[in-house]
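The structure appears below as C-alpha cells.
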Amino acid sequence: MTAAFFEMRAPEGVGADVGMKSPPNFATPDNSHNSGEPNANNPERTAATASSKLPLAFTVITGINPVRLTKIIGLNATGGMRKETSAMLSWGQAQRMVVADLNCLKSHLDTLTSAQAVTWGVTKDDAVAVCTQGDTEAQQAGAIARTRENFKFRAAPGVMMLDHDGLPDGELSPLQFRDRLIAAAPALADAPMLWRPSASAGCLSPDGSTLSGLTRHRLYIPVVDATLIPEAGKALEALLWATPDAGWCDIGVAGQRLPRCLVDVSVWQPERLDFAGPSVLVDGVTRAGVDGVIYRDATAQFNLRLLIDSATPSIKKQAQAGLKAARAAVSEKCETARRNWVADKAPALAQRRGIKLAQATNVLERAVVHQVLMGDFELTCSDGQVVNVAQLLDDPHRWHNTRFADPLDPDADKRVAVARLLNGTRPDLFSHRHGGMRYELRRQSARVQLGRGMRVDSTDAVLQVLRDRSELFDFGTNAIAFVADGKATPVSRDWLVDHAGRVAEFYSVKTERDDDGNVTSTREIPEDAPTYIANAIIAKHGSRNFRKLTAVTTAPTLRPDGSALDEPGHDAATGLMYVTTEAYPLAVPSAPTVEQALDALAKLWHPIRLFPFADEVAIGVTLAAMLAACLRPALPTCPATGFDAPAAGTGKTLLAKCIGALATGGDVAVLPPTNEEEECRKRLFAALRGGSKVLLWDNVREPLGNSVIDSFLTSSLFADRVLGVSENVELPNRALFLVSGNNLVLTGDTHRRILLARLDAQIETPFKREFEFDPLNEICTNRQTLVVAALTIVRAYISAGRPKSAMGRIASFELWDDLVRQPLCWLRERMMESGRDLSDLPKFVDPADSIERAASENPETSKLAALLNAWIATFGTTPTSPAQAKNKAAEVFGAQSVLFDALDEIAGQNGKLNVRILGRWLERHAGQLCTGLRLVLANKTNGLKRWTVVRTVERAATETATAIVARVAPSCEIQNGTETAGASQLDDVEIF
C-alpha cells in the first residue's frame, strides 16, 4: 500500500467515528490551521461559519434502468486498471434528502449503492420519477427530466462539492490537496469540510499491488446559501488561476490546449450527477476501506459570500494573466502535437473517403483549429458505427440528439457528445469532454468558376449554394437576413461578399496556348469572392427564392391561428423561425384543461408576485404583457405596456425587464426616450435592424406620444432609409415595446396604444425595500417553463371554443385581443368559478380597462372636454368661428371665464389667444366624441368655418333643457339638425 493511504488522518477534536479506525494527531507545523478546537472561541471563524438549525438538502438518484450508475473497475490485458464509464440514466427515482450536519452527510454517503448517485441541487417534490429529456410521455405523466429547470440550488443550506482529479506532474495526498486549496483560497481555511476519496481511488489488484492511490479527492462543504454555489465556483476558479501552480494547460491528443485547475471547475450545476456510490469491482480488484474525514465543526455551515468577495478585481486580473501564461507555455507543444495528429490521421481519412490528401489535411486542421467539422469528417457513434458529417446533415431527423464519441478523442467515452441538428440554429456537435466544446457541422464548400462572360452563371451558382444551405432569408420587402444568436440581422453587401467566400471556393481557369492557338495546358487559379455577385443577389428583390422570415423566437410560441409552434426550425406557413439550444425543447399542451390553465397562471404570477401593483387593472395589464411577450413573434401588431409609479425606485424598470426576459431569455437593454419624431423614427428603425426583440424606453419624463410611435405600434412593417445608403428598407416589426417612467402621461392617440400598469409601494423610500429573491433571475432561469405556461393559458382558451369573455374588440390590435385579452378574461371567469384555493393566483380585471383610464387622463381629452362643455354653455347651437369664440371669451366674460381657460389651454400664447392655432386644433378634433358632446362643422362661408357643438341622444335625454340633436355626415358637417326618426341608438357616428 502506498504512503498516500497512511497520510489520511483525522483532525484533533474530531471523534473516531468520523475518521480512521485509530486517528493520530492531524496537525503538522506547516498546516496548524487544520488543528485545534472548532469555531466556538474564534470570532473571525464565527463570521465565516455558523451553526444552523436548517438542514442540508440534496437529492439521491436511484437507477431503475439501468440499475448500475457507477463505474466498473477491473483489469485490462496488461494487468493495469480498466474503467468502464457509468451507465446513462433513462429511468429512476429522485428522493430529496435532508441531513443535520456533516456527520449525517458522511453516514448517508457511506450507505449509497452502485445504483445510486447524488445531485447537489434539489427537486420541488420530495420524491419523483426521473426520465430522459426525450421521454415526453413520461413527463406528461408526472416524471421529470434531469435538467436545471427541475433541479435547483435553493436559497437554503446545501452542499458545495470540490473534485480533484490529479496533477499533470505529480500526486497530492489528501492533506496536501487541502493545504494547496487553502493557500489559493484562504477564506476556506475555516470552512467545515468532509473529505472522501474518489470512487476510483484506492484500488488494489488481486496480488495486493496498487492500481490507484489516494490521489483523487472529493471535498464536501456545507454552505448557508446554496444559490451562491455557481458564483462561488467562478470565484474559486479565479483564485486558483491567480495562484502559481494551481492552474495549468494539458495538451489534448489533437494538440488542444485544455485549461485545468486544482479542482474541476465544471461540476457546479444543480442537475449534475456526483457518482458518490461505490464502483463495481471485477476481476479480483479490491478497494481499501478508507473512511471519510471531517475538518472543523461538523455542525457549522460556510458563508460562500466570503469566498466570492475574496475574488477581487485584481485577483481576476491576475487569473487572466495566469491563464494566458499557461496557454503560452504549451503553445509550441500543442502546435507540434496538432501537426503530428493531422499527419497521422490524414492519409487514412483520404483513403476511406476517396479524397486528396490535401483535402483530408484541411478537414482535420479545420476541426482542431476552428472547431468546424466538414462533410468528410468521420464521427464514431455510441454503438461504434462510423459515419461522416455529410450523412448527419443529409438525414437530420435520424441523427438529431444521437450520442457520439468526442470528435478529436474518439477512443474515450463514446457517449460524451450529442448532435444537435434540429434546433433551428446552425447544426453542431456538442462534446462534454474537457469542460465542453461546440463543433459546427458544415458541408464541403461548393466550387464556383469565374471568368469573362460568366457573371450570370457565377451569380446563379452562388445563389443556388445559398439556397441549398438555407442560412439566409428574405426579410421584409427587400432585405436579406441572417439568423445568429437567436435574432435576425439584415446583412450588408460587405457581409455577403465575406459569406460567399466562406461557403464557396472561387477559381478561374488559365489556359496556355502554343503559337498555333492549340491548348497546351490549363490550371486553376484561386480567386476571391467578387463584389458583383453580392450586388446582384441583393438587387434581386422578389426573385432570390430564399425562405421568408417574419420573426425569430428562442422559445415555443403560437402561430396566428393559435396552433403551437414548439418544434425548432423554420415554419414556412408563417415565416417564424424557432431556434433553441435545448436538446429536448418543451412541448406546448394541445388541449389543456381549465385546471392546467390555472396552474399555469400560478407559475406566471410567482416571479412577479411581490411587485407593489396599485390595483387589479395593473395586474391585468402586466399579465397581458407576459402573454404578449411570448406571442409577439406571431402578432402583427401589439399594444405597448407602460409601467409607472409615483416615486423612483418602485420597481418599474425591473418589472419591464422581467417582461422583456420572457421574450429574449436574458436581460434587456434600455433606450433613452425621445419625443422628436425624426429621431424617434431613427432609433426605432435602428433597433429593428439590430434584431432587437424588446424595446424598453426607460425613465420617460415628458408626455409621451407622437405619430411615429403610433404608426410603429399599429404596423406590422416599419420602413426607413438606411444611413449612408440611398434606399428605403422595410422590415417586419415584431418587437415588444415597453415604457417606464414616474407618473407617465400619454398624449394624442398614443393613449390607446399603450396599456399602463401602475406600481405604488405606499412608502416614502421604495428603493430601500429588500426582497427574498431576484424576479429577473428567476424568470431567466425558468424562462422556457414560464413561456409554456403562458401558451398553456391561450391553448386552454382555444380548446374551450374561444368563448367571448370581454366586451368589444380593441381596434388595430385584433389578433392581440383574440390571443391575449380574451384568454385572460376567460380564465378570470373560470378562476372565480373553480372553487380552488386562490391564494397562489392573482386578482385582476380586463387589461383594456387601462385604455379607458388613460383616455380620461389624456391631456388632449381633458382639453376637449373643457372646450366642448364651455362652448355649448356659451354659444348653445349658434354656429361660431374661432375668431368669434376668441372675442366672446375675452370681451364678454373676461380672462377668468371658463371659456377663456379652455381656449387658453389650447391656443394660448403669452396670455393671448392665437386664432390660427385654435382653428387647426378644432379641425383635428372635429367629430371626436367626448362627454356626450361632439364638435361639428356648421357651415363654411368664403373659407370661414363656423362650428357648433351637438349632444348625443343619451346626453340630451339626461338634460332638462330641450335636446339639441343633429345628424352628422362623415365629414363632420351637419346634414339635418332636427330629423332623428328611425336612427339607431348604437350609431354614434350619425345620431346626435
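Once the gyration tensor of the Cα atoms in segment 230-373 is diagonalised, the equivalent ellipsoid follows with semi-axes of 39, 25, 14 Å, ordered largest first. Axis of helix 822-834 versus longest Cα principal axis of the chain: the two differ by about 70°, to the nearest ten degrees. For the chain, the Cβ-based charge dipole about the Cα centre amounts to some 1020 debye (Lys, Arg positive; Asp, Glu negative; other atoms uncharged).
Just so you know, the averaged projected area of the alpha carbon convex hull for segment 627-691 sits at 5.5 nm². Select one label from (1) 30.4, 93; (2) 35.9, 120; (3) 33.1, 107: the one whose number is Rg and Dmax of the Cα atoms in Å as derived from the coordinates shown. Given (1) 30.4, 93; (2) 35.9, 120; (3) 33.1, 107, the structure-derived one carries the label (2). For the listed peptides 167-174, 520-527, 755-762, a ranking on the average number of other beta carbons within 10 Å per residue, highest first, reads 755-762, 167-174, 520-527. Summing Lys and Arg as +1 and Asp and Glu as -1 over all other residues whose Cβ lies under 10 Å from the Cβ of residue 249 gives a net charge of +3.
Between residue 498 and residue 104, the contour length at 0.36 nm per residue exceeds the alpha carbon distance by 135.7 nm. Take 445-456, 618-629, 392-403 and order them by the average number of nearby Cβ atoms within 10 Å per residue, most first; the result is 618-629, 392-403, 445-456.
Pull up the cross-link candidates among the lysines for residue 912, meaning alpha carbon to alpha carbon under 23 Å and not fewer than 8 places away within one chain. Cross-link targets: 863, 886, 888, 945. Can you check what the net charge comes to around residue 650, using other residues whose Cβ is under 13 Å from the Cβ of residue 650 (Lys, Arg +1; Asp, Glu -1)? Net of charged neighbours comes to +1. A simple spin-label model places pseudo-atoms 7 Å from Cα toward Cβ; at residue 283 and residue 832 they are separated by 7.4 nm. Using the Cβ-Cβ distance between residue 679 and residue 730 with R0 set to 25 Å, the FRET efficiency works out to roughly 0.80. Once C-alpha pairs closer than 8 Å and six or more residues apart are averaged by separation and normalised to the residue number of segment 181-255, the relative contact order reads 30 percent.
Here residue 114 sits with roughly 40 square angstrom of accessible surface, probe radius 1.4 Å. Kirkwood hydrodynamic radius computed over segment 491-584 comes to 17.5 Å, based on all pairs of distinct alpha carbons.
Working from label points 7 Å from Cα in the Cα-to-Cβ sense, the residue 155 to residue 905 distance is 4.6 nm.
For segment 763-913, the relative contact order is 14 percent, taking Cα pairs closer than 8 Å that sit 6 or more residues apart in sequence and dividing their mean separation by the residue count.
Applying 1/(1 + (r/R0)^6) with R0 = 22 Å to the Cβ-Cβ distance of residue 328 and residue 179 gives a FRET efficiency near 0.20.
Between the Cα long axis of helix 915-924 and the first principal axis of the chain there is an angle of about 70°, rounded to the nearest 10. Over the chain, accessible surface divided per residue gives 45 Å², non-protein components excluded, 1.4 Å probe.
Note on residue 97: accessible area approximately 40 square angstrom, rounded to 10, probe 1.4 Å, nucleic acids and ligands left out. If you sort the three axes of the alpha carbon gyration tensor as a ≥ b ≥ c, you get a/c of 1.5 or more for segment 750-868 and a/b no higher than b/c, which makes it oblate.
Think of each Lys and Arg Cβ as +1 and each Asp and Glu Cβ as -1; about the Cα centre, that makes the dipole of segment 77-193 roughly 160 debye. Between the helical axis of 174-184 and the longest alpha-carbon principal axis of the chain there is an angle of about 40 degrees.
For chymotrypsin sites (Phe, Trp or Tyr not before Pro), no site in segment 198-294 is both called loop by DSSP and has at most 12 other Cβ atoms within 10 Å.
Stretching residue 765 away from residue 809 to a fully extended chain increases their span by 11.8 nm, per 0.36 nm per residue minus the current alpha-carbon distance. A protection proxy built from the mean count of other Cβ atoms within 10 Å ranks the segments 796-807, 943-954, most packed first, as 943-954, 796-807. Between residue 357 and residue 432, how high is the FRET efficiency from 1/(1 + (r/R0)^6) when r is the Cβ-Cβ distance and R₀ = 41 Å? Nearest 0.05. Once the sixth-power term is evaluated, E becomes 0.80. In this label model, residue 85 and residue 939 are separated by 9.4 nm, measuring between points 7 Å along each Cα→Cβ vector.
Considering helices alone, the calculated mean residue ellipticity of the chain at 222 nm is -9500 deg cm²/dmol, with DSSP H runs of length four and up weighted by -39500 (n - 2.57) and normalised per residue.
Ignoring aspartates and glutamates fewer than eight residues from residue 83 along the same chain, the ones with Cα atoms less than 17 angstrom from its Cα are 165, 274, 283, 409, 411, 413.
For the chain, the relative contact order comes to 8 percent (Cα pairs under 8 Å, sequence separation of at least 6). When only alpha carbons are used to place a centre, segment 529-560 and segment 847-885 end up 49 Å from one another.
Note on the chain: dipole from Cβ charges, positive end direction compared against 671, 431, 54; the farthest Cα belongs to 671.
Roughly speaking, to the nearest percent, how much of the chain's 1.4 Å accessible area is carbon and sulfur? Result for the chain: 49 percent of the exposed heavy-atom area is carbon or sulfur. One Cα centroid belongs to segment 607-650, the other to segment 438-498; the line between them spans 40 Å.
The values are calculated or read from the model by the stated rules, or taken from the named source; none is laboratory data. From a predicted model like this one, the values you see are computed outputs, not experimental measurements. All Cβ positions, even for glycine, are placed from backbone atoms using ideal geometry, and neighbour counts span all protein chains on display. Surface accessibility is based on the protein's heavy atoms, side chains included, excluding ligands, DNA and RNA. Shrake-Rupley method; radii C 1.70, N 1.55, O 1.52, S 1.80 Å.
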